[in-house]
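Report on the structure given below.
Each reported figure results from applying straightforward, stated rules to the coordinates on display, with no laboratory input. It should be emphasised that the depicted structure is a prediction, and the values quoted were computed from it without experimental measurement. No Cβ is skipped: glycine too gets one built from the backbone with ideal geometry, and neighbour counts run over all protein chains shown.
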Amino acid sequence: MANFGGAYNTIAFDAAKCDGCGDCMTACATTKVGVGDTARSRIQIVGSADDGFELALCRQ
Ligand code: SF4
């Protein structure tokens with residue numbers, strides 16, 4: 001996560017580097033709700049049409 005000096009932090013998602021491991025969702029859910037339930041993560045990684053992965057949602 002980068003802070004570019006503004007009021008908001010941002011997350012850069014690079015689909016070419018994502019293997020769909022889900023660690024980001026586990027980390028997010030653990031931070032936000034105290035349990036590693038990926039369904040409760042603010043960020044969601046899903047399969048893409050080209051058999052890769054894409055960022056479907058991030059509510060930061
Ligand atoms: S699922 Fe999340 S943690 Fe895993 S490679 Fe993709 S972006 Fe990174």
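Structure data summary
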| quantity | calculated |
| --- | --- |
| Residue tally, condition surrounded by 14 or more Cβ atoms within 10 Å (Cβ to Cβ) and more than 12 Å from the ligand (Cβ to nearest atom), over segment 34-49 | 3 |
| First in segment 15-40 and over 16 Å from ALA56 (Cβ atoms), second anywhere and surrounded by 14 or more Cβ atoms within 10 Å (Cβ to Cβ) and among the charged types (D, E, K, R), Cβ under 8 Å, 6 or more apart | LYS32/ARG40; LYS32/ARG42; VAL33/ARG40 |
